[in-house]
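The values are calculated or read from the model by the stated rules, or taken from the named source; none is laboratory data. Bear in mind the structure is a predicted one, so any value in this text is a computation, not a measurement. Here the Cβ is made from the backbone with ideal geometry for all residues, glycine too, and neighbour counts use every protein chain on show. Note: areas computed on protein heavy atoms with side chains; ligands, DNA, RNA excluded. Shrake-Rupley method; radii C 1.70, N 1.55, O 1.52, S 1.80 Å.
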Amino acid sequence: MQTELTLVIGNKNYSSWSLRAWLPLKRSGLAFSEVFVPLMTLGYKEKLLEYSPAGKVPALLIDSRPVWDSLAIAEWVAEQKPEFWPRDSLDRAWARAVTAEMHSGFFGVRGSMPMNCRASGRRVELDEETRDEVARICEIWTQCREAFADRGPWLFGEWSIADAFYAPVASRFRTYGVEVNAVCAGYIETTWSDPLMQEWLTHAQQETQVIEKGEAG
């Protein structure tokens, strides 16, 4: 009997957490349906509570049972597709570490540069703490790319859950014109040109809702 999967997401233009869950699920080839809940609209929180006890996106319903955290969703997908983490145990631990660092940190980048896939040419003033976060992200990307360049174009050579979690950051850096080194610029281009990312971006461009707190710069 086939498992029934339903992914509940917010606006593709703004919802970075939704993107982090959607990318591995889409790449897995598993059949799933999408439920779109427009964020910051009347009654949206109550609608989300119908799917997730946390009342947030994303949520994955697996035969009607909810998983309501983006990393938990990604880990469930990786259990179906073990190749979504590096094969070597130490490389896998490294990938999990940088993914967890993204999942639980970089609040300055999130707050100063909200994901906005439709926007370009935006500029925001970054405080010292956020500049340090940008430098740390670039350090992560550079170290990973230099270590695994011979295995492919992604952070750990082949695509992994880590790439799903940094995809919204790549989008942010493009939107706000963040200056990065050549290695990081190449990684941003790899992420941006990925066919699944392009599919997400096409849908984001078609959305018309404007969420003011996502319109920085």
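Couple of notes before you dig in:
- Restricting attention to the range 35-64, the residues that are part of a strand (DSSP E or B) and surrounded by 15 or more Cβ atoms within 10 Å (Cβ to Cβ) total 5.
- Qualifying position, being modelled with pLDDT of 95 or more, small (Gly, Ala, Ser), on the phi < 0 side of the Ramachandran plot and touching a strand residue (DSSP E or B) at 6+ places or on another chain (Cβ under 7 Å), among Ala167, Ala162, Ala147: Ala162
- Residues that are buried (at least 20 other Cβ atoms within 10 Å of the Cβ) number at least 3 in the following helices (runs of 4 or more DSSP H) confined to the range 65-131: 70-80, 89-104.
- Residue match in the range 27-48 (condition: β-branched (Val, Ile, Thr) and at pLDDT below 95): no
- Subset of the range 148-163 (residues that are touching a Gly at 6+ places or on another chain (Cβ under 9 Å) and in a helix (DSSP H, G or I)): Phe148, Ala149, Asp150, Arg151
- Residue, farthest from the chain's Cα centre (by Cα), within the range 146-165, restricted to residues that are buried (at least 24 other Cβ atoms within 10 Å of the Cβ) and of a type in the set (Gly, Ala, Ser): Ser160
- Taken over the range 170-196, the criterion of being open to solvent by less than 20 Å² (accessible area, probe 1.4 Å), part of a helix (DSSP H, G or I) and out of contact with any strand residue (DSSP E or B) (no Cβ under 9 Å at 6 or more places or on another chain) is satisfied by Ala170, Ser171, Arg172, Phe173, Thr175, Cys184, Ile188.
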